[in-house]
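Notes follow once the structure below has been shown.
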Amino acid sequence: MIVALAGGVGGAKLADGLYRVLPPRQLTVIVNTADDFDIFGLRVCPDADTVTYTLAGVANPATGWGIADDTFETLRMLGRYGRDVWFQIGDRDFATHIARTERLRSGASLTAVTAELVTALGVTADILPMCDEPVATQVMTPSGPLEFQEYFVHRHQSDTVTGIIFRGIDQARPTGAALGALREATAVIFCPSNPVVSVGPILAVPGLRERVARHPGPRVAVSPIVGGRALRGPADRMLESLGHEVSAYGVAALYRGLVDGMVIDEIDASLAPRIEALGMKVLIAPTVMTDSNDRSSLATRVLEFCERIGQAR
Ligand code: FO1
């Protein structure tokens, strides 16, 4: 069993590669839930849905999130009723949030509901929320604290980030399913997701960081920073304003003590000695995934790297 830790679109791409190259039922993805929020009375879980839709082969290829060929009639009507419609939810995507919210209100856990949605879409990987309790990322900015989607979508990540808070994290607990998957894991893979607001909340669930730190099998991270820039999203600007080096080395430094190996892009090959000096092995590989072949190739390279690290232990 391979456990992958993932956030949004970049993480979903590598998770998809792993899903394609691993034997059936050998992948568990633990997803960030600190981007989750309520809108129009519905619970929306962007990262869980992005991973689920991607593995199900129904994700919108243009955005990476949402559903391919979705229509937006419900949102248009909500706009006519005067609702603020900055968060683009398609009609089919709405169905996911309605189904989830209904089950959560009837008392089901987020883990159980997510499993139902994943199964209904024909995905045979396990996709596990990092915890069942609500956790919400708050972004500190010079204009004051912002809820994550307000910062990310509504304000287009244009604010300088001076701090991050995961509200509710102290009450969060690792789920039995996540702990069970980690117990079974032959390797743990940190997907190329934002280390601060995607992988960060997963590791902030009390007990999970420690669990990963003492994991007996190989643990490998793929850098989401390539050539000093985030492939998508605000990770580069966030790292900089929070005082971290904006490079694959900066990401490796954040994961020190948690991973045995870093996968960095060919363009960053010169960073290898500094990353090795952190006590990590380095794999230099093409990490930019533009199509499904890239996803599978990178996943294969990452799994081989895990195997080599495992054998050398
Ligand atoms: N991201 C956007 O940039 N704009 C949107 O309008 C938007 C809508 C949306 C709807 C459902 C969903 O599951 C995700 C959506 N996302 C949107 C993506 C998402 O908010 C972010 O990519 C993640 O939270 C960051 O990982």
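Below, the figures for the structure above:
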quantity: Of the criteria (1) closer than 20 Å to Arg173 by Cβ; (2) surrounded by 18 or more Cβ atoms within 10 Å (Cβ to Cβ); (3) of a type in the set (D, E, K, R), which one Glu133 fails; calculated: (2)
quantity: Selection within the range 100-119 - touching a helix residue (DSSP H, G or I) at 6+ places or on another chain (Cβ under 8 Å), open to solvent by 60 Å² or more (accessible area, probe 1.4 Å) and not basic (Lys, Arg); calculated: Glu116
quantity: Residue list for the range 28-47, filter: away from the ligand (no atom under 12 Å from the Cβ) and among the acidic types (Asp, Glu); calculated: Asp38
quantity: Evaluation of Thr300 against (1) under 16 Å from Gly227 (Cβ atoms); (2) polar (S, T, N, Q); (3) within 20 Å of the chain's Cα centre (by Cα) (one fails), failing number; calculated: (1)
quantity: Criterion: out of contact with any Phe, Trp or Tyr (no Cβ under 6 Å at 6 or more places or on another chain) and outside any strand (DSSP E or B) - qualifying residue of Ala15, Ala4; calculated: Ala15
quantity: Cβ pairs under 7 Å, 6+ apart, first in the range 139-155 and among the acidic types (Asp, Glu), second more than 11 Å from the ligand (Cβ to nearest atom); calculated: Glu147/Ala136; Glu147/Gln138
quantity: Filtered residue count, the range 143-153, keeping only those that are open to solvent by 20 Å² or more (accessible area, probe 1.4 Å) and under 16 Å from Asp36 (Cβ atoms); calculated: 4
quantity: Meets criteria (away from the ligand (no atom under 14 Å from the Cβ), within 30 Å of Val263 (Cβ to Cβ) and of a type outside the set (A, V, I, L, M, F, W, C)) for Arg25; calculated: yes
quantity: Residue in the range 79-87 that is over 23 Å from Asp291 (Cβ atoms), aliphatic (A, V, I, L, M), near the ligand (Cβ under 10 Å from one of its atoms) and touching a residue at least 24 places away in the same chain (Cβ under 8 Å) present; calculated: no
quantity: Qualifying residue in the range 120-141 (condition: within 11 Å of the ligand (Cβ to nearest atom) and out of contact with any Cys (no Cβ under 7 Å at 6 or more places or on another chain)); calculated: yes
quantity: Qualifying residue in the range 48-61 (condition: of a type in the set (A, V, I, L, M, F, W, C), within 30 Å of Ala204 (Cβ to Cβ), touching a helix residue (DSSP H, G or I) at 6+ places or on another chain (Cβ under 9 Å) and within 9 Å of the ligand (Cβ to nearest atom)); calculated: yes
quantity: Residue that is nearest to the chain's Cα centre (by Cα) [pool: residues in the range 170-179 that are open to solvent by less than 20 Å² (accessible area, probe 1.4 Å) and not polar (S, T, N, Q)]; calculated: Ala178
quantity: Number of positions in the range 209-246 that are of a type in the set (A, V, I, L, M, F, W, C) and more than 24 Å from Thr186 (Cβ to Cβ); calculated: 9
quantity: Strands (runs of 3 or more DSSP E) enclosed by the range 20-99 - at least 2 residues per element that are buried (at least 18 other Cβ atoms within 10 Å of the Cβ); calculated: 27-31, 42-44
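Condition check ((1) outside any strand (DSSP E or B); (2) open to solvent by less than 10 Å² (accessible area, probe 1.4 Å)) across all residues:
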| site | (1), (2) |
| --- | --- |
| Leu128 | no, no |
| Thr160 | yes, no |
| Arg183 | yes, no |
| Ser193 | yes, yes |
| Gly200 | yes, no |
| Arg211 | yes, no |
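The values are calculated or read from the model by the stated rules, or taken from the named source; none is laboratory data. The structure presented is a predicted model; accordingly, all values stated were derived computationally and were not measured. With ideal geometry, Cβ positions are generated from the backbone for all residues, glycine too; neighbour counts draw on all protein chains shown. In case anyone asks, the SASA skips ligands and DNA or RNA and just uses the protein heavy atoms, side chains included. Shrake-Rupley method; radii C 1.70, N 1.55, O 1.52, S 1.80 Å.
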